[in-house]
Every structure is written in structure tokens, then in C-alpha cells.
Amino acid sequence: MAAQTYLHRHPLRCLPFPLKIQNPQNQSHHFKQKPRNPVVCKLRVAVIGGGPAGSSAAEALATGGIETFLFERSPATAKPCGGAIPLCMLDEFSIPLNLIDRRVTQMRIVSPSNLVVDFGKTLKPHEFIAMLRREVLDSFLRQRAESSGATLLKALVTNLVVPTSTREPYVIHYTMDNCQHQLAVDVIIGADGANSRVAKSIKAGNYTTAIAFQERIKLPEDKMGFYENLAEMYIGNDVSPDFYAWVFPKCDHVAVGTGTVCSKSNIKSLQHAIRARVKPKIEGGKVIKVEAHPIPEHPRPVRVCGRVALVGDAAGYVTKCSGEGIYFAAKSGRICGEAIVKASEGGENMINENDLKREYLRKWDDKYFTTFKFLDVLQKVFYGNNAAREALVELCGDEYVQRMTFDSYLYKNLASGNRWEDAKMVMNTISSLVRCNIMGREVEASAQKILSRVL
């Protein structure tokens, strides 16, 4: 019925020729330009998911003149997250400085054998890592999207009907205020996280997910002072067999957590282990919130199908090695929203799959494919065992490594370094891996002792 009403109201939105839907598994960026298809009313787009990805997409769409609907089922809650964002995001997304809980200027990385390296020695006076609470950031971005003209629907999407004909709309079924509703739209952006309903609806394929587990702990004032501008990362089989654990400072508490792909059933034991390693620093603290959430480990096989595009966690945009996702979520949402505005010429024309692939996917992959592959390689090299983790921490003590890392992280470009220094870094990496592999048995034995104490 919704589809019939939609077609009756907007007859010129129906495409005058069949739109060829490519094989969803083929995400090759080969495009054939097709004639424009004028619409009677403005293009209608639904964005499902109101996190950084969805809100950024909705803001870009609404600002560009698109009739935009932003669905968020639970505005009061937020995804468990370390909450670190790079310096460039503050300017690029006009994030008010008063949203920042802590400005981290000191980073410590702790090896399996408890070797500690200060990882912020090369930060310039104006540089820092911003720590925010996701509920604060997400709320701000949603409100800004709404102020730009998007319609915010506090609703649970229960079903998405994918049209069998290119002349039909997508129909969204949702629950709001305990009532069932339907909405017909031209285009959908799926920003609904790792367990994306939108991705399932378009058969976007499965991907590997990690689980992140985090406790927010309110510390006594003196202990909170220790973490005023300090963030810590711990690595080792005891806290995660394939990732890292963290202590990140927030406004009046710290976030203590860990993540894993291959040992999800043991996540609570891994969390117990990180708490054991930082026990003297958090003793006397009170747990005020416990959170857990799936995190994607790689992009989905299909990110665009028909007039549906996936962004953020729904698309799989979380980096290996660092586990960073907030910036890439917001960036993918904005690129996708702007792509739809451009392809539709401000909402005046219908778009198709090729438009989304050309204006969104190609631009995204051209900009970030290398970054994601590079961090994937780093994780495979350094997170496989405790010997490799010891080598990683040893390397992090090198100031050139630190400068290159922060330049890449803070400004979201793979830093171009000095060739001679790059060569030295490669040689030091090999030397560290060899040396730490020799001492690997001792490190593994030490880790086993730690595990036996905490399990």
C-alpha cells in the first residue's frame, strides 16, 4: 500500500528504463553514465542509524537540499567506545571544544613483560588526542543534522522491503511510540552498526567481528589526577590474544576495556586480566557502567547495492591494529551524503547504483584503501604472539616511529617520511622481531604465570 501511494504521488520518480543491478559481489568501480531522471518532488533518502556515520550523512544530505529522514532507535544510549578522535576531526567536522572531556598529550604502551614506553614525546605543543563520550558526541551530531533540515525519527526499524522492480521505492517498516509505521523512500543509507539490518536486507555478505568490552570506572580524585592527560594501552595474551586493552580518561572517570576476535567467549576473563594489570592505579574505583558491542574487522563484501549504500560500522570501516572507527564513520557518512547530493543534482534527479559506486565508493577507496591495508599488515605482523608484541613496544620507543605514527593518526594521511630514516626503521623492525623472538619463550612463560593468577 505504501509503495502504491508513493508511486501515485511521484509518478516521475519511476525510472523510464530498467536499471541493471550488478552482482553484489562485484564492487568493481566501472561505470557507464546514464541519462538523468527528473523527479517531481525532491529525492527522498532515509538514513538508518544515528551515530557519527548516520548523522554526518544526514547533515550532508539535508544541507544539499535532499528530503532526509534520520532513524535512531535509542538516542539516549551510545555504542561502547574508547572515544578517541584525531585532531583533524575537530576542525573538519566543526566539533566544539567544550565537548572534549580530556586532551591526551601522554600515551603509554605497556608490553607483555610490562616494558613501558612513553609514546607522546614528539607531540607538538598544539597537538593532542581528544577524548569524548560517545553519548555526548552522537547527540551533538544528531542535533546538528536535525538543525540542517533532516527529520529525526526516534524509532526502531523492523523491516526493509527491497523493491523487485526499479520502478518501486524502498519501504521501511518501523515502530515509534508503540505504533507501526511505513515510509517509502528513493535511497537508503545503512549506518546501523556491525549487526546492520540494512546490510542483511541487501545481502551484503558476512564479515568477521570483534567484541569490545568496557567498564567505566569512577576513581578517587587523586587517582583520577594520574590520568588527567594520560591514556594507556596494554598488549599481551593475558589481556587480548589479537588486539589490545586500554585505559582512557573521560570527564570524571576512566574507560577500562579490551577487545578480541578469536576469543570472544573469554572476553570477561580478558577484562579481568586488564583490571589486574592496572589494579594499583584504579584501586578504590567504582564501576558506573558496563558496555559491550561488536566491532567489524574488515569491509563487507558488498557496500552498495541498488540504491542502498552502507557506511561506518555497517560497511566495516574500522581499522585493524588501532581499532579506530569514529573518524572513518563520520567521514564515510559525509562522503556518501555528498555523493548523493552531487549525483542527484541537489535532489532533482533519481540516482542509481552506478552513481553511488562512482561518487561514493570510488572516492572512499581511493582515499583510504591504502591506510586500511597498511594497518591490516601491521596487525598481522605485531599482534600474533607476545614476542612480536614486545618488538612492537620496543619500536614505539623510537622518536621517528612516534612522529610518523602521530602525523598519520592526527591528520589522517599516511605520513611521507625520510627515506634514510624509513630504511633504518625497517632494519630496526627486523632486528626487534628477531631479538624478541629469541626471548619469546621467556615472555610466553611469564604471560602464562600472569594468566594463571587472574583466571
Single condition Val311 does not satisfy, out of (1) out of contact with any Phe, Trp or Tyr (no Cβ under 6 Å at 6 or more places or on another chain); (2) among the aliphatic types (A, V, I, L, M); (3) surrounded by fewer than 20 Cβ atoms within 10 Å (Cβ to Cβ): (3)
Matching residues, region 338-382, being open to solvent by less than 10 Å² (accessible area, probe 1.4 Å) and under 30 Å from Gly236 (Cβ atoms): Tyr368
Every residue from region 263-298 that is out of contact with any helix residue (DSSP H, G or I) (no Cβ under 8 Å at 6 or more places or on another chain), over 19 Å from Phe226 (Cα atoms), open to solvent by 60 Å² or more (accessible area, probe 1.4 Å) and not in a strand (DSSP E or B): Lys264, Ser265, Asn266, Lys268
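The rows are residues; the columns are (1) more than 24 Å from the chain's Cα centre (by Cα); (2) under 22 Å from Asn354 (Cα atoms).
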residue	(1), (2)
His272	yes, no
Pro280	yes, no
Gly285	yes, no
Glu291	no, no
Pro296	no, no
Arg300	no, yes
Val304	no, yes
Val311	no, yes
Number of the condition not met by Glu228 [criteria: (1) over 30 Å from Gly384 (Cα atoms); (2) in a strand (DSSP E or B)]: (2)
Counted residues, region 107-121 - those being open to solvent by 20 Å² or more (accessible area, probe 1.4 Å), closer than 16 Å to Phe248 by Cβ and either of a type in the set (D, E, K, R) or modelled with pLDDT of 95 or more (or both): 1
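Of the residues Asp252, Asp222, which single one is open to solvent by 20 Å² or more (accessible area, probe 1.4 Å), without any contact (Cβ under 8 Å) to a residue 24 or more places away in the chain and more than 25 Å from Ser56 (Cβ to Cβ)? Quick ask: steps written out before the conclusion?
On the way: Asp252 fails: without any contact (Cβ under 8 Å) to a residue 24 or more places away in the chain.
None of the other options fit; the residue is Asp222.
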Filter pass, Tyr317 being part of a loop (DSSP other than H, G, I, E, B) and open to solvent by less than 10 Å² (accessible area, probe 1.4 Å): yes
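Given the residues Leu90, Leu137, which is the only one that is of a type in the set (A, V, I, L, M), assigned to a helix (DSSP H, G or I) and buried (at least 19 other Cβ atoms within 10 Å of the Cβ)?
Details: Leu90 fails: buried (at least 19 other Cβ atoms within 10 Å of the Cβ).
The match here is Leu137.
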Qualifying residue in region 403-412 (condition: open to solvent by 60 Å² or more (accessible area, probe 1.4 Å), at pLDDT 85 or above and at positive phi): no
Some residue of region 225-236 being open to solvent by 20 Å² or more (accessible area, probe 1.4 Å), under 22 Å from the mean Cα position of the chain (by Cα), at pLDDT below 95 and closer than 16 Å to Gln379 by Cβ: no
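Applying the selection to region 161-184, what residues are assigned to a strand (DSSP E or B) and surrounded by fewer than 21 Cβ atoms within 10 Å (Cβ to Cβ)?
Let us first name the residues in region 161-184 that are assigned to a strand (DSSP E or B), namely 161, 170-176, 179-184.
Matches in region 161-184: Val161, Val171, His173, Thr175, Met176, Cys179, Gln180, His181, Gln182, Leu183.
The values are calculated or read from the model by the stated rules, or taken from the named source; none is laboratory data. Note that this is a predicted model, so its numbers are computed, not measured. Glycine gets a Cβ as well: all are built from the backbone with ideal geometry, and neighbour counts include every protein chain shown. Ligands, DNA and RNA are stripped out before the accessible areas are found, and what is left, the full protein with its side chains, is counted by its heavy atoms. Shrake-Rupley method; radii C 1.70, N 1.55, O 1.52, S 1.80 Å.
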